[in-house]
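Beneath this line is the structure, given in structure tokens, with notes to follow.
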Amino acid sequence: ARLLSRASGWSAPRGASWRMVVEARVATATTRHAWNADCSLLAVCPNDNSVVIFRTPESSTGPWTVVATLREHDALVTDIAWAPRTNKIVTTSQDRNAYVWTFQGNEWKPMLVILRITAAATSVQWSPDEQKFAVGSGAKSVPVCYFEEGNNFWVSKMVKDHSSTVVAISWHPTVPVIATASTDYKCRIVSAYLKNLDGKGVDTPWGAAPKFGTVLFEWESYGWVQNVAFAPEGDVLALCAQNSTVSFVDVAAVAAGSTDVQTLRLSHLPLTQLLFLPDGSLVGAGHAYNPVLFVRRHGAWAEAGTLKPVQGEAVEAKGVGANFKMFQAMDKTGRSEAATVLDTVHQFCVCDLRRFSGTINGHAAEFTSSARDGKIVWWSRDELVAAMKGLDIRS
């Protein structure tokens, strides 16, 4: 894999240095990715039943070195979660299994998790204290998993009350509750409190230590709920749906009995991924290819703009280059027609968004995105600032 740099399509402010968008093609297709704590290692699912771990190169011209390949699943890997403090990796798959990988000696050792589900595992996320993780599934349930010391294996306790596939999970940053996104058109906030792990005296916006599995909040969208995300402070829950909407839930208000939810209808294709940044802003991506930025102004959320590193019309290749791109397209997409380069960094739908806490090519990045085009793209503060230029801050 090699790193490529593309110029950001906006004029740098006076006195500011010009930044470059950095992208790397690490696989033919990249469905999920995850970073370790210091972003020196990258775990990638190349759209098959394996997870490949790369060492991040020190310079933009350096190679991406494969340091490990995790092979235990029998079907497509659906998600990867890398715990920053314990350095454990959990993977889920369509084979209905999850594995917790621990680095011992010079290799990653897997341990099977007893999920007790009858359909594919779709997503996974560690709890903030890394004692538990929750798994979405096609079995209309959410296994909340934890390590049982006495028996030396990972077990699960089931959250039910869903009537269709749970496609995404988000943990509240400070209290043991989870939000779920389901294809039954509903978003739910559910208690994941376990006394043996969380202890006594746990307070939540819904009261002290709500019983495990209690549905604390439920909101119906008008399309499949594709993703959910809690803000860093836990005061807002965002969700996106297949009907091209993004909704924002005031956690304190709904805990007090309010049913008000702010919904933004988008002018582009649906988002499938959401990620809150440390400053409280939200980025989303999916079928629209380029990430979209949302910010809160005067108590209300608004779409600030689209992150666009490249501007201009879609360019159709001609001459010898067109023939090369035609064969390239046949290899990558199975299509024989002449290749058309879209005015986006990603050429396929975005499958994942992740926080990035390091630097690449000498510059700090806020987050990364991955897509079925095989690219990992680093998005910097410059693209976020440029996206906000069209926002009317007076409203």
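The values are calculated or read from the model by the stated rules, or taken from the named source; none is laboratory data. What you see is a predicted model, and the numbers here were worked out from it, not measured in a lab. A quick note on method: Cβ atoms are made from the backbone with ideal geometry, for glycine too, and the neighbour counts reach across all protein chains shown. Heads up: the accessible areas ignore ligands, DNA and RNA and are worked out on the full protein's heavy atoms, side chains in. Shrake-Rupley method; radii C 1.70, N 1.55, O 1.52, S 1.80 Å.
Annotations
- Inter-residue pairs, beta-carbon under 6 Å, first open to solvent by less than 10 Å² (accessible area, probe 1.4 Å) and in the range 363-392, second assigned to a strand (DSSP E or B) and of a type in the set (S, T, Y), 6+ apart: I376/T368; I376/S370; V377/S369; W378/T368
- Pick from the range 211-238, criterion in a loop (DSSP other than H, G, I, E, B) and open to solvent by 20 Å² or more (accessible area, probe 1.4 Å), ranking: nearest to P270 (Cα to Cα): W224
- The number of residues in the range 61-81 being open to solvent by 20 Å² or more (accessible area, probe 1.4 Å) and under 21 Å from the mean Cα position of the chain (by Cα) comes to 3.
The rows are residues; the columns are (1) open to solvent by 20 Å² or more (accessible area, probe 1.4 Å); (2) touching a Pro at 6+ places or on another chain (Cβ under 9 Å); (3) touching a residue at least 60 places away in the same chain (Cβ under 8 Å).
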site: W154; (1), (2), (3): no, no, no
site: D161; (1), (2), (3): yes, no, no
site: V166; (1), (2), (3): no, no, no
site: I169; (1), (2), (3): no, no, no
site: A192; (1), (2), (3): no, yes, yes
site: D203; (1), (2), (3): yes, no, no
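- In the range 88-112, residue nearest to V66 (Cα to Cα) [restricted to those that are open to solvent by 50 Å² or more (accessible area, probe 1.4 Å) and not in a strand (DSSP E or B)]: N106
- In the set (1) in contact with a Gly (Cβ under 8 Å, 6 or more places away or on another chain); (2) open to solvent by 30 Å² or more (accessible area, probe 1.4 Å), the condition left unmet by D198 is number (1).
- Considering the range 187-204, and only residues there that are touching an Asp or Glu at 6+ places or on another chain (Cβ under 9 Å) and outside any strand (DSSP E or B), the residue that is farthest from V254 (Cα to Cα) turns out to be L197.
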